[in-house]
Amino acid sequence: MMRAVAILLVAGVMVGALAAAVPAVDTNQAFLWNGVHWQQVTTEGKAGYIFGIGNLADYEVAASKGRKLACISGAFVDDLKARTVMQIIQEVDKYYQDNPGKLGTPVIEVVLGQLNKASAAGAQPGTTKK
């Protein structure tokens, strides 16, 4: 219970820091960071975003208590064991640099897309994941 409270506290602090770093948006619409926002934020803000995703994924994995859960959370937790936050930031930066016409793509979509690439690269040819 205390661990969950601590995780939520850390996540809240990170969200607050990110909110201060993000340009103003219309609060009547859903907001997803995209490449335009990503390019306007400091490395620390980007790290806070990735850590926030990681904290949420850690929480979901812990809260599942071994039950099956959405594969995204488990996959992201596993991915953070193999790659650093800085590596993920660099990959997202590179994606937007290499694809300037896709700045409207949400950052979360890019992060999860890179995760899919990494897991596909790690799979043995001719095998499937279950």
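A short reminder: the numbers here are calculations on the coordinates, not readings from a lab. Please read all numbers here as calculations on a predicted model, not as lab measurements. Using ideal geometry, Cβ is built from the backbone for each residue, glycine included, and neighbour counts are taken over all protein chains shown.
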Taking K and R as +1 and D and E as -1, what net charge do the other residues with C-beta under 15 Å from the C-beta of Tyr96 add up to?
-> -1
Amide hydrogen neighbours beyond the local backbone of Thr105, cut-off 5 Å, H modeled | Gly35
Which whole-Hz ³J(HN,Hα) couplings does segment 81-87 yield from phi under the Karplus relation 6.51 cos²θ - 1.76 cosθ + 1.60, θ = phi - 60°, glycine and proline marked x?
-> 7, 9, 10, 8, 4, 4, 5
